[in-house]
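Have a look at the structure below, then the notes.
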There are 2 protein chains.
Amino acid sequence: MKQTKTNPLHILNIGAGAVGGYYSAKLQQAGCHVTLACRSDYSTVVKKGIAIHSIDGDFHFSPDRVINDIAHYGQPAADILFITLKVLPEIDLPTMIAPAVGENTTIVMVQNGVEIEKPIQDAFPNNPLISGLAFVCLNRTAPGEITHLDYGRLALGRYPNGPSEMVQQLAKLFESVNVPCLVTEQVTQARWRKLIWNAPFNGISVLTQSDTLEIMQNPETLELSRCVMEEVFQIAAACGHPLPDTIVETNLRDTFKMKPYKTSMLLDYQAERPLEVEAILGNAIRAARRVGISAPHMTTIYSLLKLTNEKNSRV
Amino acid sequence: MKQTKTNPLHILNIGAGAVGGYYSAKLQQAGCHVTLACRSDYSTVVKKGIAIHSIDGDFHFSPDRVINDIAHYGQPAADILFITLKVLPEIDLPTMIAPAVGENTTIVMVQNGVEIEKPIQDAFPNNPLISGLAFVCLNRTAPGEITHLDYGRLALGRYPNGPSEMVQQLAKLFESVNVPCLVTEQVTQARWRKLIWNAPFNGISVLTQSDTLEIMQNPETLELSRCVMEEVFQIAAACGHPLPDTIVETNLRDTFKMKPYKTSMLLDYQAERPLEVEAILGNAIRAARRVGISAPHMTTIYSLLKLTNEKNSRV
């Protein structure tokens, strides 16, 4: 399937936050027909579209269509459901997306965490499923406004593994508009690899109200970060996704070099939004139990975050 | 040595916070001659003494003497140095008290934590050393004002263990003014026993900004409290201070029955005062390392508290 003006790929983005808005805009630039499903920002986006302030140059995004209910998408179903929602226990994703999943719809999950795909695979066993990770600093600064601060790289792969023509096609589209896109045949491993960083820094940043530099400069939280990374490393290996031996040291070294950075979980906490505690820590801990690995450092952080999240979130 | 008006025991209290003010007042009621060493509250206490609002009835305390420098105490040295200071790394207690330690001075440490006595024993090897624990809810609400909310029991014992006539004498004095005072010949074990409660609840309360009931009602932090208690239980046993097998369950059950309670560490945190992280957690973790016990849950809480304390405390 070649991407042309007369035969564009039809994309329905679910989760029109910063990540959804940014990558949908890029897919439109690459020639796709993009529909945005919005709730709270619906009227603003219908009127004004989305202003994207980007380190790569500001631009404006007018979706081809905006809907405020997924069921309004209609027929034929989209070629791609591009899901960029937070992964939260209160969101029943299979039920939510069901009205928009057609016979030939490919479901793409660009979301945080590990072991998040199973409910979707179980609900739609005959639809191709692509799992993805975004390495990007984006903020939704107001309704219809996104700030793109840094990075932008994607990694996409067929779930649970293996090659996929649609992944290749999407990667070409993203690359054509200067979004680096890694095609992986081991996306599950890629999720564990990203968790090496996300597991320690998201939790510690919320519990100590600190940025990455503060965490790295305190000897105790630096050592704690290393312990959590080593637990993730062991769980991943026991789950059949061994990571490179050097990955813990590489992640620590790279974090030392980063500009001080507030994790997405800390930003969510400070905005009193619900935290992705289950996707980022809970699922990993349940995987650890399943394969008989002990993860006490991560479990302690998880437990403290559960109560913190319960008290913080207004949702 | 019988306590009479003509031969009163001379007490010098160091650390005139709520605990020091309250128990010093009680020792004066019991017939002792009490000197209070104060810094920030010196002029208020000289002028007005200390007003104590107590569940057992309000009363007023005019110390026999107030000094603003321990070195001003003069000769003869006090019979008892009654130390109720916080245990903080920035306080060099042996150097601080040295000017007031005479040949026959008994040093009494009513302070939090475990393994806090060694520096004092090393610095003053020929002075009798009594270690003690206060089970009491007290707040210093203003300079010269203390609120006594609940409890009041003391436990006192010769350090590191064994019988002591001075402990017996102090216990009689306290009991004579309705302060229950347990005489123990195993005060080191008593410190570990108290740590069973202090280790989990102080740390978790600060990191989640929660009271005891909120911690107990969340399944994850309840389980975390149990894990920390079990680590303390194991360290105590490996250090030669075995605790009753039922102590973890008893502590959890009793905490369920308590009115919702903010720990002293949470109150210190909210007042931006330095936290007793080393006395309550750091010393226990170092003891664990020494005896080859793993304490990952406590270590995680300790690490998170170190950075939290560093960022919070203005001292």
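No lab work stands behind these numbers, since they all come straight from the coordinates. Predicted model only: the values in this text are computed from it and were never measured. Don't worry about glycine lacking a Cβ; one is built from the backbone with ideal geometry, like all the others, and counts go over all protein chains shown.
Data for the structure
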| quantity | calculated |
| --- | --- |
| The stretch B:72-208, relative contact order in percent, only Cα pairs under 8 angstrom and at least six apart counted | 18 percent |
| Charge dipole (debye, nearest 20) of the protein assembly as shown; +1 at Cβ of Lys and Arg, -1 at Cβ of Asp and Glu | 400 debye |
| Theoretical FRET efficiency, 1/(1+(r/R0)^6), r = Cβ-Cβ of A:Ser176 and A:Ser294, R0 51 Å, to 0.05 | 0.65 |
| Alpha carbon convex hull of chain B, volume per residue in cubic angstrom | 128 Å³ |
| Cα lying deepest toward the dipole's positive end in the stretch A:10-185, options A:Thr147, A:Ile107, A:Ala18, charges on Cβ | A:Thr147 |
| B:Ser176, B:Ser24 arranged by Cβ crowding within 10 Å, fewest neighbours leading | B:Ser176, B:Ser24 |
| Label point distance in nm, A:Asn68-A:Met96, each placed 7 Å from Cα along Cα→Cβ | 1.8 nm |
| Estimated translational D of the stretch B:189-313 in µm²/s (Stokes, Kirkwood radius over Cα pairs; 4 °C; 1.567 mPa s) | 90 µm²/s |
| For the stretch B:126-192: span of alpha carbons on each principal axis (Å, largest first) | 38, 26, 22 |
| C-alpha long axis of helix B:187-208 to longest principal axis of chain B, angle in ° | 60 degrees |
| DSSP-defined antiparallel bridges as percent of all bridges, the protein assembly as shown, nearest 5 | 35 percent |
| Average Cα contact separation per residue, the stretch A:189-313, under 8 Å, 6 or more apart, as relative contact order % | 35 percent |
| Helical contribution to [θ] at 222 nm, DSSP H n ≥ 4, -39,500 (n - 2.57), averaged over the protein assembly as shown, rounded to 500 | -13000 deg cm²/dmol |
| For the protein assembly as shown, with +1 on Lys and Arg beta carbons and -1 on Asp and Glu, the positive-most of B:Leu133, B:Asn7, A:Ala237 along the dipole | B:Asn7 |
| Loop GluC sites (Glu not before Pro), the stretch B:146-185, which have at most 16 other Cβ atoms in a 10 Å radius of their Cβ (DSSP) | B:Glu185 |
| Cα Rg over Rh - the protein assembly as shown, Kirkwood | 1.11 |
| Nearby lysines by direct alpha-carbon distance to B:Lys262 (threshold 29 angstrom, same-chain neighbours under 8 apart not counted) | A:Lys306, A:Lys311, B:Lys26, B:Lys86, B:Lys194, B:Lys306, B:Lys311 |
| Virtual paramagnetic centre 7 Å along Cα→Cβ of A:Gln121, amide N under 16 Å, in the stretch A:87-106 | A:94 |
| Relative contact order computed over chain B (Cα-Cα under 8 Å; 6+ residues apart), in percent | 15 percent |
| Shape category assigned to the stretch A:138-261 from the gyration tensor of Cα positions, a/c cut at 1.5 | oblate |
| With 10 Å bins from 0: P(r) over the stretch A:10-185, alpha-carbon pairs, percent | 10, 42, 38, 10, 0 |
| Footprinting exposure proxy for A:Glu103, B:Glu223 (fewest neighbouring C-beta atoms within 10 Å first) | A:Glu103, B:Glu223 |
| Label distances, nm, A:Phe256 versus same residue in remaining copies, Cβ-directed 7 Å point | 4.8 |
| Percent of beta bridges antiparallel (DSSP, chain B, rounded to nearest 5) | 35 percent |
| Simple Cβ-charge dipole of the stretch B:189-313, Lys/Arg +1 and Asp/Glu -1, about Cα centre, in debye nearest 20 | 320 debye |
